[in-house]
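The values are calculated or read from the model by the stated rules, or taken from the named source; none is laboratory data. On a predicted model such as this, the values are computed, not experimentally measured, just so you know. Positions of Cβ are backbone-derived with ideal geometry, glycine not excepted, and every protein chain shown enters the neighbour counts.
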Amino acid sequence: MFKFFTDKKMKSQSHLQRLLIDWELTTCSGSQFYNQGDYKNAILQFEKALGFAKSGLSSNKQRTTFMKYYTLASMNLAHALNTYQKQPQWERVLSDAHFNMLSMMVDISEPVTFRQEAKAQAELLLNNLIRYLTSVGKKKVADSLEEEFFRLKITNQIA
């Protein structure tokens, strides 16, 4: 029985390692396509990277690492979509990512260190979202998002 537990642990660890490697490979591939001006393929690769990050984020190990990967994949995808002139999509990608980080930030069942990292990622995503929204003339929306984030930080007393 102990051997079975160890094998399962090793299998889950190798699965997480595979997700990390796959995230890195698709991110690098997406960056290459982006730098070549092939935005369609860059978007496809960044979407895959986002999927790998989401899968890792749902595990119980290395979640803060996957949280950072999720943020970066979301920002890469949003930037590629913005460059490719797909405003509703990039706005949704950043909004969804920000909302997901806010949800983790206020989830009191999570450890404090995890919630603090979620707050840091939410701030990073919010700053990007505000910059993009302001650039397309949605300053009021950006301001309301910033106010809501500040209120959540105060209400949940996350340092």
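The figures follow:
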| read-out | value |
| --- | --- |
| Some residue of region 66-74 being among the basic types (Lys, Arg) and outside any helix (DSSP H, G or I) | no |
| Tally, over region 1-48, of residues that are among the small types (Gly, Ala, Ser), exposed (fewer than 13 other Cβ atoms within 10 Å of the Cβ) and either over 21 Å from residue 63 (Cα atoms) or at pLDDT 95 or above (or both) | 1 |
| Residue that is of a type in the set (Lys, Arg) and in contact with a helix residue (DSSP H, G or I) (Cβ under 7 Å, 6 or more places away or on another chain), where the choices are 40, 48, 86 | 48 |
| Residues of region 29-65 satisfying the condition of being part of a helix (DSSP H, G or I), basic (Lys, Arg) and over 16 Å from the mean Cα position of the chain (by Cα) | 40 |
| Complete set of residues in region 74-115 that are over 27 Å from residue 45 (Cα atoms) and loosely packed, with under 15 Cβ neighbours inside 10 Å | 107, 108, 109, 111, 112, 113 |
